[in-house]
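Have a look at the structure below, then the notes.
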Amino acid sequence: MSRYAAAGLLVLLAASYRLWLPPHWTATHLYPNVPMLDLPAAWIGICNLLTMPILVIAGLVLLAFDRPERSLLRRAYWCTIAITFAVAFTADQHRLQPWAYQLALYAVLFALVPTQRVVGYLQLLTISVYAYSSIGKFDYQFLHTVGQDFLAAAAGLIGVPVETWDESMRTKLAAGFPAIELLAAILLVIPKTRRIGGWLAIAMHASLLVLLSPWVMSHSAGVLTWNVFLAGQAYLLFCRPTSTDGAKVKSGEGERPDEPPPLPTNTWQAMLANAIVAVAILLPLTERRGRHDADQFHWDHWLSWALYSPHNSRVHAEIHRNVLGKMPAELQAIVPDDTDGDGWQTLDLDKWSLQTRGVPILPQARYQLLLAGKLARTNDWNREIRCVLRSASDRFNGTRSETWLRDYQAMHEAESRFWLSGNASSESGEGR
């Protein structure tokens with residue numbers, strides 16, 4: 001599993017390379033880094049320069065030389081990957097993509113736990129991903145937006161006119177997507193049905209690959225690659241017949257996946273691994289806590305496995321048409337026409353992220369507000385920019401609280417209310 005994770009790391013880095021390389025190498029210098037802490041520009045520049053080479057070299061070494069007899073080598077390189085991810089996340093919150101967070105957790109476990117013991121930890125984390133992801137979609141917003149998009153895409157593939165169905169039927173059918181995901185999580189929990197749950201998870205990811213492909217919903221390469229990785233992971237963790245030492249086994253009744261050995265508890269490494277997994281599984285419970293209150297602690301949406309779920313907090317940014325002509329062409333391309341004639345035009349940060357860095361924007365109001373604020377400082381906007389700060393939506397009716405920030409000064413004051421607001425006051429070193 002260690003070598004598979006290393007291979008997945010390399011492929012996912014390649015699929016999202018613009019997020020990890022220095023901005024001037026990839027012509028993304030207009031898109032600023034948004035750090036978690038108040039870091040010097042030179043530190044961010046060094047991090048941008050070294051992150052990708054360190055991760056790639058470590059991944060290649062693990063892929064080529066990871067053997068049971070080289071346990072110390074494996075642990076050292078996975079420790080390097082874990083530390084590099086932590087530093088990279090601190091230098092730019094945009095790198096907290098769900099797959100990167102997942103592999104950072106894996107890196108810590110591979111560094112702490114012997115190979116034959118790590119499977120149990122990975123199984124627990126994987127089950128939690130499916131459980132939280134499914135529960136997050138039993139939500140008004142998903143059932144009436146993204147769930148409907150999935151339903152229409154699936155129906156279109158088989159030529160069914162879903163638009164002719166009544167709304168109640170479409171909503172119930174959209175609920176089938178998280179229901180299948182929740183069923184997979186439940187089956188994976190029960191030892192006797194674990195293999196069935198693994199195959200169901202593989203089928204689910206295969207279906208998502210079809211729906212999200214360039215010919216249907218056209219999602220980013222990173223999203224598609226992660227689904228391929230998760231499908232392969234489901235096979236290795238839950239479907240492939242293994243013995244406790246990772247070797248394939250057969251019985252007279254056919255192949256079956258043996259139970260992994262119990263999680264260790266008697267060493268400091270084991271206790272630390274147990275604590276990390278427990279925290280990673282429990283923190284997502286706080287995701288919707290204080291959804292109206294920016295300064296109240298809650299775990300990020302993606303880190304809580306709120307995947308394809310549009311209930312996340314967000315920011316709607318607008319600029320005045322007076323500054324449109326002074327903007328670089330890259331920014332003008334993400335500003336749609338003024339349809340209501342009020343002089344204010346949307347600054348489409350989601351589109352900017354996909355076009356410039358090739359990955360979805362971090363679905364978090366904190367990050368999006370800081371990103372808009374950095375853009376305002378770079379272009380010396382004050383009254384030329386405004387934002388609507390929107391909370392996470394209510395699970396049952398989809399409503400959100402909204403706070404209007406009428407100029408940059410109001411935005412800057414709102415930034416300070418968030419945890420991990422980074423060097424919001426810095427006007428230099430944007431992504432250099």
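Summarising the amide proton neighbourhood of LEU347: residues at separation of 5 or more, or on other chains, whose placed amide H is nearer than 5 Å comprise ALA317, GLU318, ILE319.
Overall, the accessible surface of the range 88-242 at a probe of 1.4 angstrom is composed of carbon and sulfur to the extent of 70 percent. Note on the chain: with a GNM built from Cα contacts shorter than 10 Å, the maximum mean-square fluctuation among PHE138, PHE89, PHE396 falls on PHE396.
Tell me whether the range 15-136 comes out rounded, prolate or oblate; compute the Cα gyration tensor, take square roots of the eigenvalues as a ≥ b ≥ c, and use a/c under 1.5 as the rounded threshold. Verdict is oblate for the range 15-136.
Placing +1 on each Lys and Arg Cβ and -1 on each Asp and Glu Cβ, with no other charges, gives the chain a dipole about its Cα centre of roughly 1300 debye. Across the range 341-353, computed HN-Hα scalar couplings (Karplus, 6.51 cos²θ - 1.76 cosθ + 1.60, θ = phi - 60°) run x, 8, x, 10, 10, 5, 9, 7, 5, 4, 5, 4, 4 Hz from first to last residue, x flagging Gly and Pro. Dividing the Cα radius of gyration of the range 270-412 by its Kirkwood radius returns 1.04 for Rg/Rh.
Can you check how the C-alpha radius of gyration of the range 9-64 compares to 2.2 N^0.38 Å, as a plain ratio? Ratio of Cα Rg to 2.2 N^0.38 Å: 1.22. Ordering CYS387, ALA365, GLY343 by Cα displacement along the dipole of the chain toward the positive end leaves ALA365 in first place; charges were set at the Cβ atoms of Lys, Arg (+1) and Asp, Glu (-1).
Accessible surface computed residue by residue for the chain, with neighbouring protein chains in place and a 1.4 Å probe, gives 45 Å² per residue.
Counting lysine pairs in the chain whose alpha carbons fall under 24 angstrom apart, excluding pairs fewer than 8 residues apart on the same chain, gives 7. Translational diffusion of the chain, estimated by Stokes-Einstein from the Kirkwood radius over alpha carbon pairs at 37 °C in a medium of 0.692 mPa s, is 142 µm² per second.
Packing-based ranking of 406-416, 29-39, 160-170 yields 29-39, 406-416, 160-170, ordered from highest to lowest mean Cβ neighbour count within 10 Å.
The values are calculated or read from the model by the stated rules, or taken from the named source; none is laboratory data. The shown structure was predicted, so the numbers you read here are calculated from the model rather than taken from an experiment. Cβ atoms come from the backbone with ideal geometry, glycine included; neighbour counts cover every protein chain shown. These area figures cover heavy atoms from the full protein model, side chains too; ligands, DNA and RNA do not enter into them. Shrake-Rupley method; radii C 1.70, N 1.55, O 1.52, S 1.80 Å.
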